[in-house]
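The values are calculated or read from the model by the stated rules, or taken from the named source; none is laboratory data. This structure is a prediction, so every number in the text was calculated from the model and none was measured. Every residue, glycine as well, gets a Cβ built from its backbone with ideal geometry; the counts of neighbours run over all protein chains shown.
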Amino acid sequence: MAILLILMPRVGISSLVAFFQNQEVEEKNASPLVLSFVPFARSVTPMPARRIISLKGVRRFAFAAVITLTAALAVPEGLIHVLKILDDSRETAVAAWIAPIPDWLSPRRGEIHFLQARMARRTEDFVVAKQRLAWAADSGWDAAELQREQLVLLAQQQQFSEVAPHWLELLAGSGSDEPEIAHAFTLYLLQRVRISDAEKVVTAWLQDYPDDPLAHQDRGLIALARRNWPVAEQAYLTALKLDPSRIEPHRRLADAYEHMLRYEDALSHLDRVLNLAPGDLEAPLARANCLSSLGRVAEAKEQLQYFSASHPGNCDVLEALGRIELRTGDIPAAVQHLASAVQLRPEDAELRSILGRAQRAAGDLQAADENLAYREAAEKDLTRLRDLRVELGQRPANAALLTDIGEITYRWKSRKEGVEWFQRALAVDPSHERALEWLQRHNTLSP
């Protein structure tokens, strides 16, 4: 059944080429792609020659050599053909089981390395994919096919500056790589706050692959960008129904539930994240926030203290601990943790306001007044920031608006997040003067 899939006509994202030809999806003045492969690194150790001592032995050896040579030439050809069919039908697991046979029989065949590179890329084993592409290039495989494969590899790794001049080419010839190209292009568009265009890509992708969990995951990501929590919930639940082992839908679903004030539901999915990825850095903090919102303050504090012990100096954890300690009346600990957080992010007006409240409770009125005055000075801009975020929903690709948000964020919330907003503005308009000035100022101030 899977093999028959390749005989079915697919329209999908290739149907969007005409639409995006009229859009600026390709970066201006982008550098062309240059193939860069390491030399072929395999060495072949010759087998020691057997000594032939009789004519009968010579005849037997010659017959065996002919049979072996015929098998070595015929079997790889047949298996390579099967591999290509499996590859086109995206049966990567089966193809990976067969691939070592022709690989062993004919180790310097460029086509084998090329197919192995594609299989490794689809399973996100990018190191092996790069090495196999290098071997395929050294074996003389077609340069055009190698360049396209390298483009898809770069797209999957989100190296968009190198892929940018080639998006239309990838969309038009997506073939069996449609899911990987569609996912990369969706992320590229979302980085540029082109939410409606990203939605067009995912809709076209789902026409060909309605049961692809990654497509539904990206549909949820678009819904989160629109702050449409119920649609995000439905998309992520569908993705998890198709593949319960995926971590990202659990994480994003928990985020949606937290915004919907469904904290128990959020906790269940955060627990799944930690079961699947015990070393995850985001889930413990999100889990503590949910516990605190449910009034389970002692559990939240315990979660944060445990996480803080293994990740000292995390500003978000220090802030969360300080908030809980202020709430429970542990004023000295609150001041200690909040002051440490402010040292890491001194521009954050809200954080300094909380520290000011803790300092006032501790009797340090001079320090409290200084921090509370800083928050008061930020009030007008922070109020405007809330309005700008609402306006962003109507004008998501406006470079001036993105820069306005970045400027206020940089001054009064987080320099790191402010820089990200300036970069978004430049993705929309690479020559936007104010965004460039702010980035230059940041680079000058940064150590």
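Here are some notes:
- Residues that are under 19 Å from the mean Cα position of the chain (by Cα) and within 30 Å of Val297 (Cα to Cα) number at least 1 in the following helices (runs of 4 or more DSSP H) confined to the range 182-274: 213-225, 229-242, 247-259.
- Helices (runs of 4 or more DSSP H) contained entirely in the range 325-414, each with at least 3 residues that are free of Cβ contacts under 8 Å to residues at least 40 places away in the same chain and closer than 28 Å to Glu433 by Cβ: 365-392, 399-412
- Positions within the range 140-155 being more than 29 Å from Gln191 (Cβ to Cβ), surrounded by fewer than 18 Cβ atoms within 10 Å (Cβ to Cβ) and either touching a Lys or Arg at 6+ places or on another chain (Cβ under 9 Å) or not charged (D, E, K, R) (or both), in sequence order: Gly140, Ala143
- Within the range 237-255, the presence of a residue that is in contact with a helix residue (DSSP H, G or I) (Cβ under 6 Å, 6 or more places away or on another chain), of a type in the set (S, T, N, Q) and modelled with pLDDT under 95 is excluded.
- Test result for Arg327, crowded, with 20+ Cβ neighbours inside 10 Å and out of contact with any Gly (no Cβ under 6 Å at 6 or more places or on another chain): no
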